[in-house]
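The values are calculated or read from the model by the stated rules, or taken from the named source; none is laboratory data. Small disclaimer: the values here were computed from a predicted structure and weren't measured. Counting neighbours? That spans all protein chains shown, and the Cβs are built from the backbone with ideal geometry, glycine included.
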Protein chains: 2
Amino acid sequence: MGETCWSEFELIDTFFNMPSADLPDEIIAGIGDDAAVIRPDGKTPLLVTNDLMIEDVHYRAAWMSPFDLARKLVRINVSDIAAMGGQPAFGLLSIGLPSPLGENWLQDFSGGLSQAFKTFGITLIGGDTSQSPGPVIVALTLMGKAINGAFVPRHSPRPRDTLYVTGTLGDAAAGLTILESQTEDSPSHRNTREAFLITRHIAPTPRVAVAGEIAARQLASCMIDISDGLVADLGHLLEKSDLGAEISLESIPLSPAFRDTASGCNPSPELLILEGGEDYELLFTSPIQPEKMAKEIAGVPLTPIGTITDNKGIRIFKDGALFPVGTGGFKHQFKQKDSNHE
Amino acid sequence: MGETCWSEFELIDTFFNMPSADLPDEIIAGIGDDAAVIRPDGKTPLLVTNDLMIEDVHYRAAWMSPFDLARKLVRINVSDIAAMGGQPAFGLLSIGLPSPLGENWLQDFSGGLSQAFKTFGITLIGGDTSQSPGPVIVALTLMGKAINGAFVPRHSPRPRDTLYVTGTLGDAAAGLTILESQTEDSPSHRNTREAFLITRHIAPTPRVAVAGEIAARQLASCMIDISDGLVADLGHLLEKSDLGAEISLESIPLSPAFRDTASGCNPSPELLILEGGEDYELLFTSPIQPEKMAKEIAGVPLTPIGTITDNKGIRIFKDGALFPVGTGGFKHQFKQKDSNHE
């Protein structure tokens with residue numbers, strides 16, 4: 001929250017949390033998980049999440065078309081449902097648009113929304129539209145189903161569990177760094193590596209199939225999607241326990257594009273990997289040892305990166321020595337510009 | 001949508017509607033009703049709605065405290081659930097806040113939210129928080145239950161049904177007119193009538209108990225809450241049919257405060273009554289004739305104001321003569337001011 005220095009989690013904890021003892025029986029998971037889990041009829045669990053995107057806070061119109069924006073809005077919400085092991089089903093869209101945006105903008109946004117909804121089997125069931133006095137505001141509420149009633153919570157790591165991640169980390173943050181550093185004079189043609197990293201930021205791939213398999217095969221004791229960054233999201237996994245974690249920096253899976261490109265980046269590659277966020281890969285804990293764990297699921301690699309420990313705190317090791325990390329995660333802040341379109 | 005001239009309904013229809021043949025079986029009512037109705041397990045219907053409020057579009061910080069804002073956000077969403085005859089149950093909150101707003105703002109907002117949630121039996125189960133580069137943005141997704149599985153749809157009026165409204169109309173629009181006309185020099189002390197009208201705008205009363213009774217006793221063939229204005233919302237009731245409606249202006253119930261105050265108002269009292277909106281009263285159709293209909297439910301008066309006709313169009317009569325009304329409803333537009341708080 002900028003100058004007031006509330007992180008999202010502090011803010012929710014301070015102003016919007018309720019002790020879980022107050023939760024009605026039909027709420028299985030409430031605030032603080034990737035998605036809420038409710039069982040309105042005492043039987044079928046329903047997953048519910050929502051995420052909003054605001055122009056010049058979450059993206060720049062210069063490098064996200066309305067189509068891209070709609071697609072990313074859907075994908076980041078799908079990722080929250082996936083992180084519980086669920087399948088997305090129903091969406092409600094809220095949009096606030098500044099006056100000068102007209103039919104072309106809406107046509108393009110609606111195209112991205114339809115395509116993403118079709119990809120993930122989502123039906124639009126409602127929403128709200130409004131004028132906005134400044135930025136474009138889009139918010140999606142997404143409801144999903146826990147297949148066979150099974151879902152993977154966020155807050156139940158166990159000591160000596162192994163920590164796994166899907167895919168590769170740091171790509172989206174490196175892509176954002178490239179986008180933010182581009183100027184009027186930047187070449188419009190990107191090399192393949194840069195294009196890959198930028199795509200990882202603009203069009204992240206929620207790991208629905210992988211997460212569904214992890215839930216169905218009961219491979220994970222808990223799971224989260226990496227949206228805020230590895231260290232921050234690992235912190236969320238641990239926050240309701242007295243446990244800690246140790247990670248080996250060398251074991252974190254990196255893409256060839258990241259290895260080739262990020263060494264010249266500012267922030268440092270380590271910061272992008274540990275605190276960059278928005279990769280929307282899965283981070284999960286499992287009692288299954290690496291030698292017995294699947295090497296990949298649905299074509300996506302699973303990589304062991306560390307273990308859950310009895311003592312609190314997150315310790316990152318590089319070449320066997322403790323590597324210093326921030327406590328809260330890399331808080332990306334766009335420089336504010338005039339937000340009034342008129 | 002301001003200069004682009006899309007009404008909310010045109011916009012949804014053009015860009016976000018899907019033919020109902022595409023809806024999965026488990027979606028009983030989708031876009032265009034007060035709330036969506038889903039039956040994820042094929043049994044218990046769940047109602048879902050969302051509404052957003054944006055500073056300087058839906059309210060002014062000058063006359064809505066954060067407490068008032070939270071309370072109204074909850075109440076307008078509750079009204080959508082009530083208009084289906086349902087009971088609210090679970091909420092997800094999304095907020096975008098400009099940096100300078102700090103702890104006091106959040107404390108006050110959170111107080112209003114808690115109080116309203118307690119009043120209506122709602123549990124907060126999730127949400128999202130973000131910085132905003134300009135206006136305060138608050139959005140609530142509210143899920144509710146159809147008691148005993150019964151709910152009242154929006155789109156099934158029948159010829160010769162009587163049209164009924166709860167409470168009185170025009171109050172909230174008159175209250176808004178008073179608020180918008182106030183200047184630095186306005187007296188801080190309001191007379192009782194003005195205070196009543198302003199309260200009707202700032203803290204509308206969703207008709208949950210009345211609507212629940214109407215649903216349980218199967219009094220209505222269709223129902224909507226009056227948020228956009230009587231003519232516009234009646235238009236929504238009729239939009240999927242080939243039917244029309246006739247209304248007698250004299251029969252529309254008015255509060256003593258409205259009668260005393262609004263005659264001097266600009267816009268005219270008739271415009272406030274017919275097109276003002278935000279009263280959050282119920283408008284419903286019923287085959288039950290006025291002489292057999294309850295005069296009030298849960299202490300709230302029910303008033304017959306007209307009938308459903310075989311011929312399309314909405315006709316308003318004043319002193320027996322046709323009274324001209326706009327087709328789309330009174331579109332309140334706040335004058336835009338600098339939306340940047342920094």
Item to complete: Could you list all residues from segment A:104-135 that are surrounded by fewer than 23 Cβ atoms within 10 Å (Cβ to Cβ) and β-branched (V, I, T)?
Response: A:T119, A:T123, A:T129
Fill in: Count - residues of segment B:135-162 that are of a type outside the set (A, V, I, L, M, F, W, C) and closer than 18 Å to B:W63 by Cβ
1
Worksheet item: For the subset of segment B:201-212 comprising residues that are part of a helix (DSSP H, G or I) and among the small types (G, A, S), which member is surrounded by the most Cβ atoms within 10 Å (Cβ to Cβ)?
Response: B:A211
Worksheet entry | Enumeration of residues in segment B:112-145 that are among the small types (G, A, S), within 10 Å of chain A (Cβ to nearest Cβ) and under 23 Å from the mean Cα position of the chain (by Cα) | B:S114, B:G121, B:G127, B:A139, B:G144
Worksheet entry | Condition check for B:S241: closer than 24 Å to B:W63 by Cα and among the polar types (S, T, N, Q) | no
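Out of the residues in segment B:223-236 meeting the condition of being part of a loop (DSSP other than H, G, I, E, B) and at negative phi, tell me which one is surrounded by the fewest Cβ atoms within 10 Å (Cβ to Cβ).
Initial filter on segment B:223-236 (part of a loop (DSSP other than H, G, I, E, B)): B:226-229.
This time we only want the ones that are at negative phi, so: B:226-228.
Details: B:I226: 26, B:S227: 21, B:D228: 24.
Here the answer is B:S227.
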Worksheet item: If you go through segment A:236-293 one residue at a time, how many are of a type in the set (A, V, I, L, M) and over 21 Å from A:D171 (Cα atoms)?
Response: 6
Worksheet item: Among the residues of segment B:330-341, is there at least one that is modelled with pLDDT under 95, away from chain A (no Cβ under 14 Å) and part of a loop (DSSP other than H, G, I, E, B)?
Response: yes
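Whether any residue in segment A:73-81 is touching a strand residue (DSSP E or B) at 6+ places or on another chain (Cβ under 8 Å), of a type in the set (V, I, T) and within 7 Å of chain B (Cβ to nearest Cβ) is what I want to check.
Step one: filter segment A:73-81 for residues touching a strand residue (DSSP E or B) at 6+ places or on another chain (Cβ under 8 Å), giving A:73-74, A:76-81.
Checking which are of a type in the set (V, I, T) leaves us with A:74, A:76, A:78, A:81.
Of the ones still in play, those that are also within 7 Å of chain B (Cβ to nearest Cβ) are none.
Within segment A:73-81 (the criterion being touching a strand residue (DSSP E or B) at 6+ places or on another chain (Cβ under 8 Å), of a type in the set (V, I, T) and within 7 Å of chain B (Cβ to nearest Cβ)), the answer is no, since none of the residues qualifies.
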Item to complete: Within segment A:144-153, identify whether any single residue is in the same structural domain as A:R39 (by TED's automatic domain parsing) and under 22 Å from A:D68 (Cα atoms), and answer yes or no.
Response: no
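Residue by residue, here is whether (1) within 30 Å of A:V57 (Cβ to Cβ); (2) in contact with a Pro (Cβ under 7 Å, 6 or more places away or on another chain) holds:
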site	(1), (2)
B:P133	yes, yes
B:Y164	no, yes
B:E180	yes, no
B:R190	no, no
Discussion item. Just to verify a result, which residue in segment B:43-73, among those that are of a type in the set (D, E) and touching a helix residue (DSSP H, G or I) at 6+ places or on another chain (Cβ under 6 Å), is farthest from A:I38 (Cα to Cα)?
Written reply: B:D68
Item to complete: Taking only segment B:90-103 into account, find how many residues are more than 14 Å from B:V78 (Cα to Cα), crowded, with 21+ Cβ neighbours inside 10 Å and either under 24 Å from the mean Cα position of the chain (by Cα) or among the acidic types (D, E) (or both).
Response: 3
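Condition check: outside any helix (DSSP H, G or I), among the charged types (D, E, K, R) and either at pLDDT below 95 or surrounded by fewer than 23 Cβ atoms within 10 Å (Cβ to Cβ) (or both). Does B:D80 satisfy that?
Numbers: outside any helix (DSSP H, G or I): no; among the charged types (D, E, K, R): yes; either at pLDDT below 95 or surrounded by fewer than 23 Cβ atoms within 10 Å (Cβ to Cβ) (or both): yes.
No; evaluated as a whole, the condition is false for this residue.
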Worksheet item: Residue check, A:D128 against (1) outside the structural domain of A:P304 (by TED's automatic domain parsing); (2) acidic (D, E); (3) in contact with a helix residue (DSSP H, G or I) (Cβ under 7 Å, 6 or more places away or on another chain), all met but one. Which one?
Response: (3)
Item to complete: Could you list, in sequence order, all residues of segment A:269-309 that are in contact with a Leu (Cβ under 9 Å, 6 or more places away or on another chain) and aromatic (F, W, Y)?
Response: A:F284
Fill in: Restricting segment A:147-160 to residues that are surrounded by fewer than 24 Cβ atoms within 10 Å (Cβ to Cβ) and in contact with a Pro (Cβ under 9 Å, 6 or more places away or on another chain), the residue that is nearest to the other protein chains (Cβ to nearest Cβ)
A:G149
Discussion item. I'm trying to understand the selection: among the residues of segment A:88-102, which are within 11 Å of another protein chain (Cβ to nearest Cβ) and either among the hydrophobic types (A, V, I, L, M, F, W, C) or touching a helix residue (DSSP H, G or I) at 6+ places or on another chain (Cβ under 6 Å) (or both)?
Written reply: A:A89, A:F90, A:L92, A:L93, A:I95, A:L97, A:S99, A:L101, A:G102
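Taking the options B:A29, B:A36, name whichever one is modelled with pLDDT under 75, crowded, with 22+ Cβ neighbours inside 10 Å, within 9 Å of chain A (Cβ to nearest Cβ) and closer than 19 Å to B:A215 by Cα.
Details: B:A36 fails: modelled with pLDDT under 75.
None of the other options fit; the residue is B:A29.
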